[in-house]
1. Per-residue ellipticity at 222 nm for the chain, helices alone: DSSP H runs ≥ 4 residues times -39500 (n - 2.57), over residue total, nearest 500 deg cm²/dmol?
2. How high is the FRET efficiency between Ile199 and Val262 when r is their beta carbon distance and R₀ equals 25 Å, given to the nearest 0.05?
3. What shape does the range 24-97 have by the C-alpha gyration tensor, where a ≥ b ≥ c are the square roots of the eigenvalues, rounded means a/c under 1.5, and otherwise prolate means a/b greater than b/c and oblate the rest?
4. Going by Cβ distance under 4.7 Å, what cysteines of the chain have no possible disulfide partner?
5. Among 185-191, 212-218, what's the highest-first ranking by average C-beta atoms within 10 angstrom per residue?
6. By its C-alpha gyration tensor, with a ≥ b ≥ c as the square roots of the eigenvalues, how is the range 85-181 shaped: rounded for a/c under 1.5, else prolate for a/b larger than b/c, else oblate?
7. Taking the Cα centre of the chain as the origin, how large is its charge dipole in debye, to the nearest 20, when only Lys and Arg (+1) and Asp and Glu (-1) carry charge on their Cβ atoms?
8. What does the net charge come to around Met31 if you take all other residues with beta carbon closer than 10 Å to its beta carbon, with K and R at +1 and D and E at -1?
Amino acid sequence: MTTASDIAHHAPGYRRGLGLVLLAGVFWSSMGLVVRLMEVAGPWQILFYRSACLTIFLFLVISLRSGGRPLVVYRKAGFSAVLGGLALVLAFGGSIFSVVNTTVANAMFLFATAPFFTALLGLVILGERVRRATWLAMAVAAVGVVVMVSEGIALGHLLGNVAAVLSALGFAFFTIALRWKRASDMLPAVSLGGLFTTIVAGVACWSGGQGFELPLRDIGLACFLGVFQLGVGLSLYTLGSKAVPAAELALLSMTEVVLGPVWVLLFLGESGALATWIGGAILMAAIAGNALTRLRDRPPPVVLP
């Protein structure tokens, strides 16, 4: 049982972790706006430059954290990191294709289905029990998704909606891969995901005739996505998650989903259809309700070093 003294003792680390996770969501939420600011880059070209920069950045971060022995960290992560990296190819690719082919609001809200896919895959693959409250939340979330997707079909955004759902599914498989071997550090898996995506996107650019030549502005924005939106965001999230219980992480991750549509609305005037916001509100209510029901049994947080 957590006593008042326990809470007081853990509070500094918890507050720091809380701030890091919230800040990670702010970095992640910039994707839609940055992609909209690009001039001519196609999805595969964005993926290539973003993933290449992400891979280099995380390799440097892992090298610094390991005292110049990054290969030891990669070997310790093991095969689960490879599986997680492969899953991220779907997640990274789906995220870019969705933002390009539908509204940012639609894409962001559909990204938020990832926790529910994770719960279902955890049940099937790992045998992890799904709480009754989570089943109810998934049913409510499904209603919100149907509302958004049906409107997207009417507006010709079917490809973007499907890509967003596939991205969420990719992140769910990524999470399951980490849980499979209980990997404690997700950065090697994300770094491998960046490497695999760079290879796939590079082959697609070369074979599809798009090539790699882009305005420096577009290359710079894609590199911003790789280093700051994903690289810094995931680094902050990794540090913060050590002090914040998993149930609260699901709630705090909504920062990205909420802020993403706000940035494009404020700076570019892009707004989703009414059905997008109605469906998104239903989905967010389901996620918040599911996370809040877990807070009653949260474990004491760990103090950050």
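The values are calculated or read from the model by the stated rules, or taken from the named source; none is laboratory data. Because the structure is a prediction, the values reported are computed rather than measured. Here Cβ is always computed from backbone atoms with ideal geometry, including for glycine, and neighbour counts include all displayed protein chains. The area values use the complete protein model at the heavy-atom level, side chains included, leaving out ligands, DNA and RNA. Shrake-Rupley method; radii C 1.70, N 1.55, O 1.52, S 1.80 Å.
1. Estimated from H runs of four or more residues: -25000 deg cm²/dmol.
2. According to the calculation, E is roughly 0.15.
3. Taking the square roots of the gyration eigenvalues as a ≥ b ≥ c, the range 24-97 is prolate.
4. Cys205
5. Those peptides, ordered most packed to least, come out 185-191, 212-218.
6. Since a/c reaches 1.5 but b/c is at least a/b, the shape of the range 85-181 is classed as oblate.
7. 1040
8. +1
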